[in-house]
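The values are calculated or read from the model by the stated rules, or taken from the named source; none is laboratory data. Just so we're clear, the structure is a prediction, and the values are computed from it rather than from any experiment. Cβ placement follows ideal geometry from the backbone for every residue including glycine, while neighbour counts extend to all protein chains displayed.
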Amino acid sequence: MVDHLGSAYAAGFISVLVLVLGSVTRFGARLHGTWHVIYVATAAAALYFTVLLGVVGAFSQTNPSHFVVQFAVVLPFVGVTVAVVKRSCYGVLAERKLRACGKVASS
């Protein structure tokens, strides 16, 4: 029980650290350049740790399918994060083309 509680606190602490980094990229760097990608990755990682805590809490740590459950939880997060990063990169490239043509006002 103590080991399980310790791992929950560790995952929660990591989640908070990731959220702090995400907040810095969102409000400090204002998502300029590659900070947008870092923001998406940190938001997905923080949500992953939160969901993982809920899923792992439902199973015992000695259960042999524990690794399978973790793998099943991480796959959708990796897939969605990669899709969002690719989509945002295409949007940035399109915006740069429009600005080069003079069709979008600079902010």
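For the residues 47, 19, 52, the requirement of being modelled with pLDDT of 75 or more, under 16 Å from residue 85 (Cβ atoms) and part of a helix (DSSP H, G or I) singles out 47.
Kindly provide the set of residues from region 25-44 that are assigned to a helix (DSSP H, G or I) and either among the aromatic types (Phe, Trp, Tyr) or exposed (fewer than 14 other Cβ atoms within 10 Å of the Cβ) (or both), ordered by number.
If the condition is that a residue be assigned to a helix (DSSP H, G or I) and either among the aromatic types (Phe, Trp, Tyr) or exposed (fewer than 14 other Cβ atoms within 10 Å of the Cβ) (or both), then 27, 28, 35, 39 are the ones that fit.
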